[in-house]
Amino acid sequence: MQRVNVDIIRKEEFGFTSNSAGVYVRKNNSPTYTDEESLMLTGDKNVINLNWVVQYRIISPKNYLFNIADISGTVRDISETVLRRLVGNRDFDYVLNNREELAYAAKSEMQLFLDKYESGIALEAVQLLDVTPPEPVRPSFNEVNEADQDRTRLVNEAQREYNEKIPRARGEAKQLIQEAEGYKVRRVNTAEGEVARYNEVYTQYKRYPSVTRQRIYIETLREVLPGVNEILVVDQNKNIVPLLNLSVLLAFLLLYNAMFIVRETEQVVITEFGKPVGYPITSAGLHFKLPFIQKAIYFDKRILSWDGQPREIPTNDKTFIWVECAARWKITKPLLFLQRLGTEDRAISIMNALIDGAIRDLVTKNDLTEIILSSDWKEEYVVNTETSGGEREIRNVKVGRDRYSENVRNSIRQITNDYGIEIMDILIKRVNYTDQVRNKVYERMISERKRIAAKKRSEGEGEKAEILGQLERELSNIQSTAEKTANQIKGQADGQAGQIYGKSYMSDPDFYRFYQTLQSYRDIVKGNTKLVVSMDSDLYKYLKDIK
């Protein structure tokens, strides 16, 4: 009997590992292909770094134990396949700014795969912990941000440090408590499990004492007899005598060799002198065969994994990429499988040739865009055209990455069916640039971001000059308008004064002239002033009359 803990949350980590304190440590600091879980191609042919975690729990112990041979590997392969497909459908900046939407879409699509396989697990969360540019191009992205985010950066650094240390301390404290609680639960569950196991066996024994007793004996003897050379017992007189005579022992050995047990995860083909006889046995339980003459050959009944090796393949537009695939398959016709292949290793060898050939043919006949994008690509996934100089790239998806996987599966399915194998899915797990191509892509990404940074600075200087020019224009307008208004007012005053002066002069010109002359003298003549006048001047005339 197998016990499965359905209460705990299990997880798979990608691009990092978490240590005992729950602190995340990145794994992909080197450019080697084997450590590239987190490097992905985006829809605009750039490279982005994603670190994520998948959390799941068991909802059906039976399906969890008996339907899939490698549940952890299946979760990992599905997660990489789905997330890389979704990222490949979206441009770099879209992925950076829409991680929640991406995580939700990945969780939904992954669950469809797991339900299809009847895996017995339910996803709790898909969390994108780190979505960033790759390390070599990150400084160029920072340069863009520094153009208008220096002040925000300083605030964010302080806030980030607070957000890192406080939650970490709280988390470590909670972890310490949870570890103690976990020990308590584990200790109690172990005891309860052992008691429950005993009670279960005892219950069956009370219901079917003879069968249960015989089954327990047989299972026990089957485990221990192969290592026994002789069986002896002590009689009442303390003499050692044989336990079984030869005929009884021979009968027991014949019975022992005639019985075999088929587990839930197994299926059996019976052979006689190397040739199959009868129908395959797929039901679990105790079965019988002819002793020594017939042989039981076991095959796995669960969904099995095929993991391909990374292949360097050129696309139709002469871009060299690494392609890594996985597949899920099962033995559906064990008799045919035995006759055609015989072993799982032979089946893996056949699938290596079939799948690798189909994938290579697919890649070499299509451009890189067709390999990256999927059939459900949308225009809305393109959110930034600055990296292409402001021109939107035309993208026509003829088939798409997801449907190519189906085409590859369908192209080899008929062949594998003849071997008693069902190919359930072909998973294009990873598509990455080779080192030489990736370095060229990094150079392009860096130059694009530097151009964007220079453009932002130039636009800032232009906006500044525009504002200053507008300021000068508005100042000149204000000043000239004020001067114009002032001059108009002064002109109006001068005109009104002239009218008044005119009216006065016209009523008595002589007096007005005399008055104005005297007024002028008052303003001009000061103490110790000498006047020089002509005898024909008005001043001389007036002075002469006064005298």
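When the Debye formula is applied to the Cα atoms of segment 245-380, each taken as the same point scatterer, what base-10 log of I(q)/I(0) results at q = 0.13 Å⁻¹?
Debye output, listed in q order: -0.73.
Quick one: which residues, 5+ away or cross-chain, put their amide H under 5 Å from the amide H of residue 266? H built at 1.01 Å from N.
301
I'd like the Karplus ³J(HN,Hα) series for segment 306-322: coefficients 6.51, -1.76, 1.60, θ = phi - 60°, whole numbers in Hz, and an x wherever there's a Gly or Pro.
Values, residue by residue: 10, 10, x, 7, x, 10, 8, 9, x, 7, 4, 8, 6, 9, 7, 10, 8 Hz.
log10 I(q)/I(0), Debye, Cα-only segment 78-126, no solvent, q = 0.26, 0.31 Å⁻¹?
-0.95, -1.19
Quick one: pull the percent of accessible area on segment 318-380 belonging to carbon and sulfur, 1.4 Å probe, ligands and nucleic acids left out. Mind showing how you got there, number by number?
On the way: 1390 of 2830 Å².
Of all accessible area on segment 318-380, carbon and sulfur atoms account for 49 percent.
Quick one: what are the phi-derived ³J(HN,Hα) couplings along segment 423-430, Karplus 6.51/-1.76/1.60 with θ = phi - 60°, whole Hz, x for glycine and proline?
These are the phi-based 3J(HN,Hα) values: 7, 7, 8, 10, 10, 7, 7, 9 Hz.
With θ set to phi - 60° and the Karplus curve 6.51 cos²θ - 1.76 cosθ + 1.60, what are the ³J(HN,Hα) couplings of segment 324-339 in order, to the nearest whole Hz, using x for Gly and Pro?
Running phi through 6.51 cos²θ - 1.76 cosθ + 1.60 with θ = phi - 60° gives 10, 10, 9, 8, 10, 9, 8, 8, 9, 10, x, 5, 5, 4, 5, 6 Hz.
So, by mean Cβ neighbours within 10 angstrom, what's the order for 291-304, 3-16 with the highest one leading? Let's see the in-between values first.
Values: 291-304: 16.7, 3-16: 14.4.
By packing density, highest mean first, the sequence is 291-304, 3-16.
Suppose R0 equals 41 Å; then what is the FRET efficiency for residue 398 and residue 2 from their Cβ-Cβ distance, rounded to the nearest 0.05? Walk me through the intermediate numbers first.
On the way: r = 48 Å, r/R0 = 1.18.
Taking R0 as 41 Å, the efficiency between residue 398 and residue 2 is 0.25.
Using the Cα centre as the reference, give the magnitude of the dipole from point charges on the C-beta atoms of segment 274-431 (Lys, Arg: +1; Asp, Glu: -1; all else neutral), rounded to the nearest 20 debye.
Working: 24 positive and 22 negative charges, 220 e Å.
That gives segment 274-431 a dipole magnitude of about 1060 debye.
Just order 323-331, 106-114 by mean Cβ neighbour count inside 10 Å, highest at the front, would you?
Ranking, from highest mean packing down: 323-331, 106-114.
The values are calculated or read from the model by the stated rules, or taken from the named source; none is laboratory data. Note that the structure is predicted; figures quoted are calculated from it, not measured. Neighbour counts are summed over all protein chains in view; Cβ atoms, including those assigned to glycine, are modelled from backbone coordinates with ideal geometry. The accessibility values were calculated without ligands, DNA or RNA, using every heavy atom of the protein model including side chains. Shrake-Rupley method; radii C 1.70, N 1.55, O 1.52, S 1.80 Å.
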